[in-house]
Structure formats: C-alpha cells, structure tokens
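> Before I ask anything, here is the structure I am working with.
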Amino acid sequence: MNADDREAALALLRWYVEMGADEAIAFEAADRLAPPPASIRLPAPIGGQSPRPVPAAAPPALTEPLGEAAQSARRLASGADSVEALAALVAGFEGCPLKRTATNTVFIDGNPAAPVMIVGEAPGADEDRIGRPFVGRAGQLLDRMLAAIGLDRSGVLITNVIYWRPPGNRTPTAAEIASCLPFVFRLIALVRPKVLVLSGGTAAGALLAQSQGITRLRGRWFELAVPGLDQPVPTLPMFHPSFLLRTPERKREAWRDLLSLRARLDELLAVAPPSG
C-alpha cells in the first residue's frame, strides 16, 4: 500500500468512527430475524415489565495480577471508610503518571448521597483547570440531559475512571485506568448508588470488562458486582456527552437511554424501604 492509499484508508476509518461505527462486528451481515442470544437485553415494551439485567463479569483490574501502582491503589482504597478519606487518598496518590502533568486532581462533583452515580472517562482541559468533573461543553450537555428527566447535580454523583487529565485529551491507557480503578470501585461501595451510569466506551470497558464497543453496550442494563457491596448495582452504559456533541444524530438513542434510566430509578425508589 502506498502513502496515498494508506492516508485514504485512515481518513475513511476516522470518518467511520465519527459516524459511530467504532467496532468490527463480523465478516458477514447479521441475521436480524434470528432469535437474540440469551445474554442480550431486549428493549422493554412501553408499560411492560423490565427485562432481566445482564450479570457483569469482574473487570480484569480486580481479577488479574496487577502492576505496582494498581496494587498500591488497591491497598490504599480498601482502607478508606468515607468519601472524604478516599478523596484525601486520591489527592495524595502518586502511582498514576498523569498526575505529574495535570493541574488539578479531579475527583467528584454532585451529591454523595444521591441515588445515581455517573462515571465518565477522564478530565478535559476545563475540568483540569477547575478541578471538577464534567464542567466543559460536555458537562453542560450532561446537565441538560439530566434536567430532561428531572435530575440535576444535587441528585447525582459524578466522577471519572481517571482523576488526572491525559495530555492532549488522549484516551487513558490500560495501566493508567488500572491504577485508578480500585478508587473508583471503593467510591461506588462507599456511596452505594441505586443506579450506576457509565458514560462512554472507556468507562464501560473499564468497569464491565466487555469487549464490545459502546454502540453495542449502550441501552443495556447490567448487574455490576462491586467489592464491599452485598448486592450488584444496576448499571447502564450510555453515550458520552462529548460523543453526542460530535454526532448529534445519536441523541435519539441517548434520549431512549435517559428514559430507561428514569424508569429504572423510579422503580427502585418505589420499592426502597423507608429511611430511619
């Protein structure tokens, strides 16, 4: 392949990704009339009973041998008995090299007592400058999405799988994610959300350990087992707001996912035992 052909192929691949075709499915066309696999969650009919969520396997960062930084993170995170203590441990953690190039540690925003927890990818330039997750254009869209189903930042807790901005907003590496993931899981265990939302493919891949891309995972409910919790957490992958800014034609799917989130949250809140 000459240089011109290679550049044309790369340009075509970039166009596919921007259009949302971010994964190879198969060598042959899918048979849409065939019965779906048992592990695939079908959309619930309007007013019908919610399908059974898919159990999620433990991420490799919790089951496979870890590097030194991830081992240190796991030891530290396991000793945190409050969100404040965990925040202090994250702020003092030196095991992720991204910290050396970042301006601020970006941990959480919102309400730790909220029923919904949202996990995104990593801080961007605005988040790195201000020290809070989801405060740039993507964060503003997230606020509008939440408002559309009657939520705001007082009703959610927002974090990322990475607490420091990757240079140039690049995708975090597997080692960088592994060094932060123990803190993410400890945060989930401490706040005990009723519903977990994974915003974007990086967050979904890190916590669900799924090989499928976000275009295949979004809109499907999973049951995520979290160390320290006796019950799995209902978990919904969705498109990241930054992806929706680039591809607004996918907002229709995001709206369906938001309605699914609202319905599941209402269902869980209706059966929750009274406090006190």
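The values are calculated or read from the model by the stated rules, or taken from the named source; none is laboratory data. Since the model is a prediction, treat every value here as computed from it, not as a measurement. Heads up, the Cβs are rebuilt from the backbone with ideal geometry, glycines too, and the neighbour counts pull from every protein chain shown.
> Taking the options ARG165, ARG170, ARG252, name whichever one is touching a residue at least 40 places away in the same chain (Cβ under 8 Å) and basic (Lys, Arg). Even if it seems obvious, please write down each step before you answer.
On the way: ARG170 fails: touching a residue at least 40 places away in the same chain (Cβ under 8 Å); ARG252 fails: touching a residue at least 40 places away in the same chain (Cβ under 8 Å).
Only one candidate qualifies: ARG165.
> Which one of these does LEU198 not meet: (1) touching a strand residue (DSSP E or B) at 6+ places or on another chain (Cβ under 7 Å); (2) among the hydrophobic types (A, V, I, L, M, F, W, C); (3) part of a helix (DSSP H, G or I)?
Among (1) touching a strand residue (DSSP E or B) at 6+ places or on another chain (Cβ under 7 Å); (2) among the hydrophobic types (A, V, I, L, M, F, W, C); (3) part of a helix (DSSP H, G or I), LEU198 violates only (3).
> From the list ALA70, ALA122, which residue is modelled with pLDDT under 95, surrounded by 14 or more Cβ atoms within 10 Å (Cβ to Cβ), touching a helix residue (DSSP H, G or I) at 6+ places or on another chain (Cβ under 8 Å) and within 28 Å of PRO167 (Cβ to Cβ)?
Only one candidate qualifies: ALA70.
> Is there a residue in segment 180-196 that is basic (Lys, Arg) and surrounded by 21 or more Cβ atoms within 10 Å (Cβ to Cβ)?
Yes, some residue in segment 180-196 is basic (Lys, Arg) and surrounded by 21 or more Cβ atoms within 10 Å (Cβ to Cβ).
> Another question, if that's okay. Can you name the condition, by its number, that THR159 falls short on among (1) polar (S, T, N, Q); (2) over 22 Å from ALA102 (Cα atoms); (3) touching a strand residue (DSSP E or B) at 6+ places or on another chain (Cβ under 8 Å)?
Looking at each condition in turn, THR159 falls short on (2).
> Follow-up question, since we're still on this one. Any chance you could count how many residues in segment 88-107 are among the small types (Gly, Ala, Ser), farther than 15 Å from ALA175 by Cβ and either touching a helix residue (DSSP H, G or I) at 6+ places or on another chain (Cβ under 9 Å) or touching a residue at least 24 places away in the same chain (Cβ under 8 Å) (or both)?
Looking only at that region, the number is 2.
> Since THR171 meets every condition but one in (1) modelled with pLDDT under 95; (2) assigned to a helix (DSSP H, G or I), which condition does it not meet?
Result: THR171 passes all but (2).
> Looking for whichever is out of contact with any Ser or Thr (no Cβ under 8 Å at 6 or more places or on another chain), aromatic (Phe, Trp, Tyr) and on the phi < 0 side of the Ramachandran plot here; the options are TRP221, TRP255. Which one fits?
Criteria check complete, one pass: TRP255.
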